Every structure is written in structure tokens, then in C-alpha cells.
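**Q** Please see the structure below; I have some questions.
Every read-out reported here was derived from the displayed coordinates using simple, explicitly stated rules and does not represent laboratory data. This one's a predicted model, so the numbers in the text were calculated from it and none came from an experiment. With ideal geometry, Cβ positions are generated from the backbone for all residues, glycine too; neighbour counts draw on all protein chains shown.
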Amino acid sequence: MSQIVRCALIQCGNPINDESVPVEKIQKAMLDKHIAYIEEAGKKGVQILGLQEIFNGPYFCPSQDKRWYGAAEKIPGPTTELMQTYAKKYNMVMIVPLYEEEIRGVFYNSAAVIDADGTYLGKYRKQHIPQVAGFWEKYFFKPGNGGYPVFQTRYAKVGVYICYDRHFPEGARCLGLNGAEIVFNPSATVAGLSQYLWKIEQPAHAVANGYYVAASNRVGTEGPWNIGKFYGTSYFVNPRGEIIAEASEDNDELLITEVDLSLIDEVRQTWQFYRDRRPDAYDEIVRP
């Protein structure tokens, strides 16, 4: 099997920034906008495509408005099933972040993983949930309860980490220990406090764990909340910590690159972090 995998990320802004518009209409506009990029990715031979955090809507967490509970859906569910048709059409693995309703009134920030034949492989639920001004996520999401799964797709072993998760190295290591070769980290993050960390933490995860990271962010300013500018700059970083492809700060884009999975072996044979780690000496990490 070839070690070269053609990967892509979509970054884009919400086309409707009007609180009076029904939730389902906003979701349809964002879905339609993404479908054009999904079709483009398929036609350009993309083998693994990552969508952005809660891709089919705005980042509604600056509010504490219960109407956004209506944006949640089952996984698998209608949007997952629609994405399965595109995955099968283009033989393309897809990472599809959605607002998930497990049962009535119980919600997660999740991502479905779909294989190249359209098979639903499973989901990741965001583990670390922030609760600070502009990011009232605990109002909308429970912390994930599914661990750090890695999915064997047709082209690579894929893991998912979502937005605020990226500040926590422990889960990034768990994904590596579970065999991840590419970790997709969809985010919704604005200019300000964390922007300088954007190109520090994820390259550091890539180096510490010897895998690729695909980091995506949306663009633009979303109303009516206007918490700041989503600064895009989606990128791919290799196991050496080198950014190999990067999108703009402002534009809707399909970012495509090729990753060479054989580089994982080369890096891990140089830096034997998995051999030399000392879990017996890390008891402090798991103390509450």
C-alpha cells in the first residue's frame, strides 16, 4: 500500500449571521457551502478530508441560548448519512464534526469518521470542555466519554482531537499510543489569548508523538456574538514539527497536501520517545 496520502482541510465562514433566522436555515446554508468544497476535494483526488468543528453551523457557544440545542442530531444520523454518500462517491475518508444528541437533553461536541467506502467507523467526543467568557461550552456539551479511539481507514490510522483538547498533551499521547498516524484537530478559535499557541501546541504534539496533525479553524466574524475574528490558518504539520501546508487567515479555502506516512517510521527510529517513556514514573499526572 502506498505511503503517500492526499489529505485536505476545509476552512470557511458562516454565510448567515442573523439571529432571527431559524437554526435549520443557518445549518442548511453552511452545509450547502461545505458541499461545494467536498465535491471539489473529491474531484481533486483527496483521500482523507477533515471538516471544521461543528461544521454545519456557526460557533454558537458565545451565547447561552437554548434554541441551539435544536442544532443537535444523532450520530449516525441524517448529516452523517449524507456525508457517507460523498465518501463512497469519491472513495474519500471523511472526518465530520457535529453537534451530537445522544438522548433527549444530553449533548456532545463530536466528530464522526467515515471510511472511503462510505462505512461509518465511529465517533470521537470532545473530552475537555471550556467554560470562559465567549466559550460557554459547558452549557451545550457534556465532556466526552469515549476515550481516544483511532480508526483504521483505507488510507491511514486516523485520530481526532477537538479544539480546546489541543491544550492537553495527555490525550494527544493517548492517540499516539492507540496507533494514530494522522490526528485531525478541528477548532473554532478567535484572535486573542490563544492565537500565539496555535502554531506551538500542535507541532509539539506532532513531534512528541511522531505523527501528523491536521489543524483546522474557521474564518470571519460571526454575529450576533462578535467575539472576535476566527483567524483560519488551517495547516498540516509533519512528525518533525514542520508545517507542510497552510491556509490564509481570511479566506474560505480547501487546503490540500500530501503526507508521507513512511516519515513516521523515520522520525520514530530517530527519536525513540515511545521506547523511553516512563509510565511507571508518572503517577502525579492522574491524581485529581
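**Q** What list of ³J(HN,Hα) couplings, whole Hz, do you get for segment 103-109 from phi and the Karplus terms 6.51, -1.76, 1.60, once you set θ to phi - 60° and write x for glycine and proline?
**A** For segment 103-109, the Karplus-derived couplings read 9, 3, x, 10, 10, 9, 8 Hz, x marking Gly and Pro.
**Q** So for segment 105-237, averaging the separation of alpha carbon pairs under 8 Å that are six or more residues apart and normalising by length, what relative contact order in percent results?
**A** RCO, segment 105-237: 17 percent.
**Q** Work out the length of the dipole vector of the chain about its Cα centre, built from +1 on the beta-carbon of each Lys and Arg and -1 on the beta-carbon of each Asp and Glu, and round it to the nearest 20 debye.
**A** Taking the Cα centre of the chain as origin, the dipole is about 440 debye.
**Q** Run the helix sum for the chain: -39,500 (n - 2.57) per DSSP H stretch of 4+ residues, divided by residue count, reported at 222 nm to the nearest 500 deg cm²/dmol.
**A** -7000 deg cm²/dmol
**Q** Could you tally the net charge around PRO58, taking each other residue with its Cβ under 15 Å from the Cβ of PRO58, Lys/Arg +1 and Asp/Glu -1?
**A** Within the 15 Å Cβ shell, the charges total -3.
**Q** Tell me the label-point distance for the pair GLN269, THR221, using the 7 Å Cα-to-Cβ offset, in nm and rounded to one decimal.
**A** It works out to 5.2 nm between the two label points.
**Q** Build a GNM of the chain with springs between Cα atoms under 10 Å: which of ALA87, ALA72, ALA180 gets the top mean-square fluctuation?
**A** It is ALA72.
**Q** While we're on this one: At a Cα cut-off below 16 Å, give the lysines reachable from LYS89, other chains included and same-chain residues fewer than 8 away excluded.
**A** LYS43, LYS44
**Q** Can you check what the net charge comes to around VAL259, using other residues whose Cβ is under 10 Å from the Cβ of VAL259 (Lys, Arg +1; Asp, Glu -1)?
**A** -2
**Q** Roughly how many nanometres apart are two label points built 7 Å out from the Cα toward the Cβ at LYS138 and ASP283?
**A** Result: 3.0 nm between the two label points.
**Q** Tell me, what HN-Hα J-couplings in whole Hz come from the Karplus equation 6.51 cos²θ - 1.76 cosθ + 1.60 at θ = phi - 60° for each residue of segment 125-141, using x for Gly and Pro?
**A** 10, 3, 7, 9, 10, x, 8, 9, 3, x, 9, 8, 6, 5, 5, 10, 10
**Q** To continue, here is another question. Taking amide hydrogens as modeled 1.01 Å from N in the peptide plane, which residues meet the under 5 Å criterion relative to GLY122, leaving out close sequence neighbours?
**A** Placed amide hydrogens put VAL113 under 5 Å from GLY122.
**Q** Also: To the nearest 20 Debye, how big is the dipole of segment 75-229 about its Cα centre, given +1 on the beta carbon of each Lys and Arg and -1 on that of each Asp and Glu?
**A** The dipole of segment 75-229 has a size of about 120 debye.
**Q** May I ask you to compute the full-extension gain from LYS89 to GLU73, defined as 0.36 nm times their residue separation minus their alpha-carbon distance, rounded to one decimal in nm?
**A** Contour length minus Cα-Cα distance gives 3.4 nm.
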